[in-house]
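The values are calculated or read from the model by the stated rules, or taken from the named source; none is laboratory data. This is a predicted model, so every value here is computed, not measured. Note: ideal-geometry Cβ built from the backbone for every residue, glycine included; neighbour counts use all protein chains shown. The area values use the complete protein model at the heavy-atom level, side chains included, leaving out ligands, DNA and RNA. Shrake-Rupley method; radii C 1.70, N 1.55, O 1.52, S 1.80 Å.
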Amino acid sequence: MKYYILVGEASGDLHGANLMKALLKEDPTAEIHFWGGDLMQEVGGTLVKHYKERAFMGFIEVLMNLRKILGMISFCKKDIAKFKPDVLILIDNSGFNLRIAKWAKQQGIRTNYYISPQVWASRAGRVKDIKRDVDDMFVILPFEKEFYKKYDYDVNFVGHPLIDGIAGRKQIDELSFRKEHNLGDKEIIALLPGSRKQEITKMLSVMLSLVNDFSNYQFVVGGAPSQGTEFYQEIIGDKNVKLISNKTYDLLSISHAALVGSGTATLETALFKVPQVVCYKGSNISYQIAKRIITLEYISLVNLIMDKEVVKELIQNDFTKENLKVELTKILEEKQREQLFLDYFDLEQKLGGKGASEKTAKLIVEGLH
């Protein structure tokens, strides 16, 4: 069978790679073309475009690059039509992928969606279009199945792929890792400001402002694979802060606490049982627009899944050095940490266990037959 997979960012590359491995087990003769990243490329298949070419964040950034985005949509449609896949698999990245899904359905191409668009967060009216354009939806958050059920759309809850990714990773030797990256003996505070330049630029400098106030700790920036070392070093300057790129899981596995940009990283940090403060700051215009269309009480996946404030969220104007210092101090205290660990355990139970990629691949292949 022929599979065409569309991924738009680093986290999707990870989930796409695991899904590809599972698909090849279910269908050893699978022919796969994809838009993705380095991890998917390592599995095999044919890389059409790298996600780095279209990593835009926020309403203003998208508008500024609209011509480029429209050109990519046009190219994508032509490439899919040329390949003639048996199924189109869309992973997250709703702004781009839902447009392709609509076109593909009109062409008679089978459409599957893995990792639902966050329609439960804003613009729930999109469910009508999703029902029309997506043959099978595979969701990874426990509350999503009930959400879609309200709209008479039966979706498949497959569990969260992060559990597999974390459980299957190779364990590191902490002493060797510290020596390799010159980290010393201090407890580590990980700084994870996101993967896109806009969010890193806005958040990392505030995170770094705490370095002198917590001199008993070693601050380490987890660099995203989509960004170069020089970009980070310009922001870090001469501060006593280390940069370790493309090794977020290794870093989290030895971290004492973390300051984390909103998104998938909040859930990853929780699954590694690392106390965290969630941070978000976008452009004022983008934030004001988002605030008016997003209906959620929380922005972090940890709090959304648990339906309560497990981790502190500092959003936009609340994301200041003073507030960040207060919240970081709290998660370094033993009592607060003990409660977080209990909540993290409950969170993992809610996520449905291992095997998300395998369950999804099996259902995709069964759907084709």
* Structure fact -> Lys335 vs (1) open to solvent by less than 30 Å² (accessible area, probe 1.4 Å); (2) at pLDDT 90 or above: all pass except (1)
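So, of the residues in the range 356-369 that are crowded, with 16+ Cβ neighbours inside 10 Å and of a type outside the set (S, T, N, Q), which turns out to be farthest from the chain's Cα centre (by Cα)?
Val365
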* Asked: So, in the range 308-331, of the ones that are touching a residue at least 60 places away in the same chain (Cβ under 8 Å) and within 17 Å of Ala270 (Cβ to Cβ), which residue ends up surrounded by the most Cβ atoms within 10 Å (Cβ to Cβ)?
  -> Leu328
* To do: Could you tell me which of the residues Thr360, Thr329 is polar (S, T, N, Q), in a helix (DSSP H, G or I), touching a helix residue (DSSP H, G or I) at 6+ places or on another chain (Cβ under 8 Å) and modelled with pLDDT of 95 or more?
  => Thr360
* Looking at Asp27, Asp86, which one is touching a helix residue (DSSP H, G or I) at 6+ places or on another chain (Cβ under 6 Å), closer than 23 Å to Pro117 by Cα, open to solvent by 10 Å² or more (accessible area, probe 1.4 Å) and at pLDDT 95 or above? -> Asp86
* **Odd one out for Gly71 among (1) open to solvent by less than 50 Å² (accessible area, probe 1.4 Å); (2) modelled with pLDDT of 95 or more; (3) not acidic (Asp, Glu)** => (2)
* Asked: Considering only the range 230-279, how many residues are under 19 Å from Ile166 (Cβ atoms) and among the aromatic types (Phe, Trp, Tyr)?
  -> 2
* Limited to the range 287-312, what total is found for residues that are modelled with pLDDT under 90 and more than 18 Å from Glu199 (Cα to Cα)? -> 7
* In the range 94-113, the residues that are within 16 Å of Arg126 (Cα to Cα) and either in a helix (DSSP H, G or I) or among the hydrophobic types (A, V, I, L, M, F, W, C) (or both) -> Ser94, Gly95, Phe96, Asn97, Leu98, Arg99, Ile100, Ala101, Lys102, Trp103, Lys105
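Out of Ser215, Ser205, Ser255, report the one residue that is open to solvent by less than 40 Å² (accessible area, probe 1.4 Å) and either among the hydroxyl-bearing types (Ser, Thr, Tyr) or within 30 Å of Lys49 (Cβ to Cβ) (or both).
Only one candidate passes the filter, namely Ser255.
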